[in-house]
1. Looking at this structure, is A:LYS263 of a type outside the set (A, V, I, L, M), farther than 30 Å from A:ALA298 by Cβ and in a helix (DSSP H, G or I)?
2. If you go through region A:224-241 one residue at a time, do you hit one that is under 19 Å from A:ALA132 (Cα atoms), β-branched (Val, Ile, Thr) and not in a helix (DSSP H, G or I)?
3. Here are the criteria: (1) within 19 Å of B:ASP224 (Cβ to Cβ); (2) in contact with a strand residue (DSSP E or B) (Cβ under 8 Å, 6 or more places away or on another chain); (3) of a type outside the set (Val, Ile, Thr). Tell me which single one B:GLY155 does not satisfy.
4. Can you name the number of the only condition in (1) more than 10 Å from chain B (Cβ to nearest Cβ); (2) among the hydroxyl-bearing types (Ser, Thr, Tyr); (3) surrounded by fewer than 22 Cβ atoms within 10 Å (Cβ to Cβ) that A:THR274 fails?
5. Hey, any hits in region A:302-314 for a residue that's touching a Leu at 6+ places or on another chain (Cβ under 6 Å) and of a type in the set (A, V, I, L, M)?
6. Just to verify a result, which residue in region B:307-324, among those that are in a helix (DSSP H, G or I) and hydrophobic (A, V, I, L, M, F, W, C), is modelled with the highest pLDDT?
Amino acid sequence: MAVLTEEQSMLRDAAKSWVSEKSPVTAFRKMRDSGNEDGFDKAAWKEIAEMGWTGIIIPEEFGGSGLGYLTLGLVLEEMGRTLTAAPLLSTAAATSALLIAGNDAQKKEWLPKLAEGKAIAALAVDEKSHHAPSHMTLEAKKTGGGYTLNGKKLFVQDGGAADLLVVAARTAGKADEKNGITLFLVPGNASGLKRTKLKSVDSRGVANLEFHNVEVPGSAVLGAVDNGFDVLDATLDRARAALAAEMLGAATQEFETTLDYLKTRVQFGQVIGTFQALQHRAAKMFTDLELTRSCVEAALTAIDRNANDIPALVSLAKAKVNELAHLVSNEMVQMHGGIGMTDAHDSGLYLKRARAAEATYGSASFHRDRYARLMGY
Amino acid sequence: MSAAEKLDPELESFRAEARAWLAENFPPSLKDKDVSMTAMAGITLSGDAKLWQERMGAKGWGTPTYPKQYGGGGLTNAQARVLQQEMARIGAKNPIGGMGVMMFGPTLLEYGNEEQKARHVPGIVTGTVRWCQGYSEPNAGSDLAALRTQAVDKGDHYLVNGQKIWTSGAQFADWCFCLVRTDNSKKHEGISFLLIDMKSPGVEVRPIKLISGNSPFCETFFTDVKVPKENLMGPLNGGWTIGKRLLQFERAGLGSGGGSAGRGGAAQGIDEIAKKYVGTDEKGRIAEHQMSARAFALTIARAQAEAKSNAGPNQTTSIMKNAGSKLQQERAELLLEIMGSQGLGWEGEGFTREEIESTRAWLGGKAVTIYGGTAEIQNNIIAKRILGLLDHQ
């Protein structure tokens with residue numbers, strides 16, 4: 001754990017006790033079993049907003065606390081431990097785009113609402129089954145003073161419930177070019193926008209979006225026309241680092257739950273944790289957890305410091321946390337044996353969330369490639 | 001370095017002092033040259049290297065945090081870090097090294113009596129006395145406490161008989177810190193910590209040739225070696241605790257060694273070498289290795305920051321030896337593959353010096369997951385001490 005300020009420690013402790021009292025895994029299970037289409041519990045979201053977590057990355061002048069991304073990560077880590085489903089991460093992702101590229105009017109319009117949790121926001125980027133932020137075909141055509149959007153976005157996190165969508169669209173150039181991408185602020189209830197809520201394996205709120213002649217004014221352009229890729233990439237880095245924190249929390253909990261099981265499950269007349277074959281696998285997981293924590297905290301800290309190597313540290317963190325999530329979620333099922341295969345046990349819930357989170361904002365190989373490119377290999 | 005440290009006026013005045021002393025005393029010809037290992041390998045230093053070692057030894061700055069009364073630097077940890085920064089700034093390497101400094105010295109300061117400290121610390125501080133480690137035996141490797149080298153009480157001395165193995169640098173060592181059996185009826189509680197003069201009659205050293213072609217380790221035989229009683233360190237039959245404490249210093253040192261591998265070491269970056277031999281990183285394996293190396297370097301930094309704020313080491317350090325040694329081996333294997341047939345030379349024509357060194361280092365590196373507690377023993381330690389898993393019954 002990074003060296004924290006008093007304020008950060010307090011917030012983390014508050015998050016720890018809130019998730020264990022108000023949002024344990026049983027709450028997630030209940031939400032899933034209720035057939036909730038949004039993929040999160042509205043009452044819990046209201047409490048999250050009241051605790052101020054929605055304003056952690058928003059400056060004080062816009063109604064937030066301006067504590068930054070490491071602090072957001074601490075909260076998401078605790079939420080990850082109990083699989084707390086809430087649009088906090090999606091909203092923070094879209095908020096990041098506004099913080100990076102929003103003009104005064106846009107910030108004044110949206111940030112106070114986002115800080116208070118009165119608006120949910122989402123980032124609409126991918127159009128294919130794999131994360132590919134430069135692959136952009138959703139067309140935004142200049143019509144009069146504004147733009148008309150046509151095309152689709154797949155698997156948008158909390159896209160169904162979002163009041164505000166930050167949409168990456170093509171205003172010039174070809175499908176896989178970085179130039180010619182522009183970001184737009186689109187209301188969730190825009191006319192011509194069709195949102196299909198999906199039932200995903202992790203029971204979170206993902207949606208496919210179809211844009212049929214969705215008209216937005218010129219003031220909806222976020223940042224510069226045709227030059228939106230850098231803003232998008234920086235925004236995605238904030239989303240990736242935040243997601244990495246959630247995944248680290250989940251993996252830590254998976255490991256601790258599994259370790260408890262190794263200490264209590266008796267076979268051959270002794271607890272199975274005395275078997276060296278299992279001890280060494282536990283030691284390997286512990287080692288990977290420690291190494292990965294360093295990467296995740298370094299990425300979040302780099303964002304707070306606006307350091308030069310944010311992209312590389314974020315890709316390092318997301319690649320490492322993906323590998324960790326993969327290993328630990330699989331070991332959780334395997335080491336629990338038969339009970340780990342049942343729906344009644346939490347292993348499956350963690351496994352499903354792990355895979356969904358791994359695929360979100362870039363797989364391990366996506367981030368290895370990106371790291372290699374950034375370092376010039 | 002934290003902002004607070006930057007602004008501390010006392011530290012800044014020490015920085016000025018260190019900078020001035022280094023400017024006057026560091027021979028520029030030694031920029032980026034590490035002479036500490038040369039000294040350990042038994043090569044007598046001469047010229048600037050000798051001068052640099054003498055000056056640092058006299059100043060006590062080769063062992064900056066050792067107490068002044070025994071010739072150490074007497075610096076605080078913060079001052080030692082400043083000294084390290086100032087040395088790094090001008091490419092000055094610490095000329096005082098070896099097992100005495102890294103492992104035995106800190107243990108001696110903790111467990112030695114006044115007479116022992118006064119006698120043995122100064123030689124470590126000046127780098128003039130070389131120490132070797134008498135721990136492992138042919139039948140006591142990972143199960144170290146099964147050791148059988150006997151020290152029998154003969155009134156005014158102990159009579160030592162037995163065999164040690166993997167004694168690094170024993171052929172060049174002046175003294176040996178040794179675990180010996182003083183009670184056959186108990187396992188761990190029958191072990192004592194004894195300091196043996198390697199020039200004593202009955203000590204015989206035979207270097208062991210390894211797969212790398214080098215002989216960094218020896219077999220050391222003790223036949224009726226008389227060791228004065230004053231050379232017992234700590235209580236009789238209380239050597240196991242001291243021996244384990246020393247291993248902590250050893251593993252911490254090995255971990256930071258992995259750290260230099262993690263940061264790419266003094267050598268050229270593996271990506272630069274890859275460009276020369278194979279062009280690109282087509283399978284992403286170099287990136288994967290470099291990412292693991294960076295994760296390790298970040299973990300060292302995090303553990304240090306946390307240890308500083310909590311005033312003590314934390315459980316993160318338990319992973320360092322395995323993580324660091326694995327990285328070092330992975331890097332060597334990757335380099336060998338990158339170099340293709342150029343990485344398969346043993347000696348002579350057709351290969352560059354770097355290629356041969358790299359191949360020998362690949363072979364020599366097989367030791368790092370074996371010495372100082374094998375990778376498996378490290379995993380046992382993590383499982384039992386950190387994770388609280390029990391012994392198999």
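1. For A:LYS263, the condition - of a type outside the set (A, V, I, L, M), farther than 30 Å from A:ALA298 by Cβ and in a helix (DSSP H, G or I) - is met.
2. Keep residues of region A:224-241 that are under 19 Å from A:ALA132 (Cα atoms), which gives A:226-241.
Now narrow it down to the ones that are β-branched (Val, Ile, Thr): A:231, A:235.
Now restrict to residues that are not in a helix (DSSP H, G or I): none.
Within region A:224-241, none of the residues are under 19 Å from A:ALA132 (Cα atoms), β-branched (Val, Ile, Thr) and not in a helix (DSSP H, G or I).
3. Result: B:GLY155 passes all but (2).
4. For A:THR274, the exception is condition (1).
5. To start, the set of residues in region A:302-314 that are touching a Leu at 6+ places or on another chain (Cβ under 6 Å) comprises A:302, A:304, A:311-312.
Cutting the leftovers down to of a type in the set (A, V, I, L, M) gives us A:302, A:312.
Checked region A:302-314: at least one residue is touching a Leu at 6+ places or on another chain (Cβ under 6 Å) and of a type in the set (A, V, I, L, M).
6. If we take residues in region B:307-324 being in a helix (DSSP H, G or I) and hydrophobic (A, V, I, L, M, F, W, C), then B:ALA323 is modelled with the highest pLDDT.
Here's the yes/no breakdown for (1) buried (at least 23 other Cβ atoms within 10 Å of the Cβ); (2) at pLDDT 80 or above:
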{"site": "B:PHE222", "(1), (2)": "yes, yes"}
{"site": "B:LEU236", "(1), (2)": "no, yes"}
{"site": "B:GLU250", "(1), (2)": "no, yes"}
{"site": "B:GLY253", "(1), (2)": "no, no"}
{"site": "B:ALA266", "(1), (2)": "no, no"}
{"site": "B:GLU288", "(1), (2)": "no, yes"}
{"site": "B:SER292", "(1), (2)": "no, yes"}
{"site": "B:ALA305", "(1), (2)": "no, yes"}
{"site": "B:LYS326", "(1), (2)": "no, yes"}
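A quick yes/no check of all residues on (1) open to solvent by less than 10 Å² (accessible area, probe 1.4 Å); (2) of a type outside the set (Asp, Glu); (3) in the same structural domain as A:SER90 (by TED's automatic domain parsing):
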site	(1), (2), (3)
A:LEU198	no, yes, no
A:ARG204	no, yes, no
A:LEU209	yes, yes, no
A:ALA224	no, yes, no
A:THR252	no, yes, no
A:ASP260	no, no, no
A:GLN267	no, yes, no
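The values are calculated or read from the model by the stated rules, or taken from the named source; none is laboratory data. Just so it is clear, the structure is predicted and the values come from calculations on it, not from any experiment. Here the Cβ is made from the backbone with ideal geometry for all residues, glycine too, and neighbour counts use every protein chain on show. Accessible surface is based on the protein model in full, side chains and every heavy atom, while ligands, DNA and RNA are left aside. Shrake-Rupley method; radii C 1.70, N 1.55, O 1.52, S 1.80 Å.
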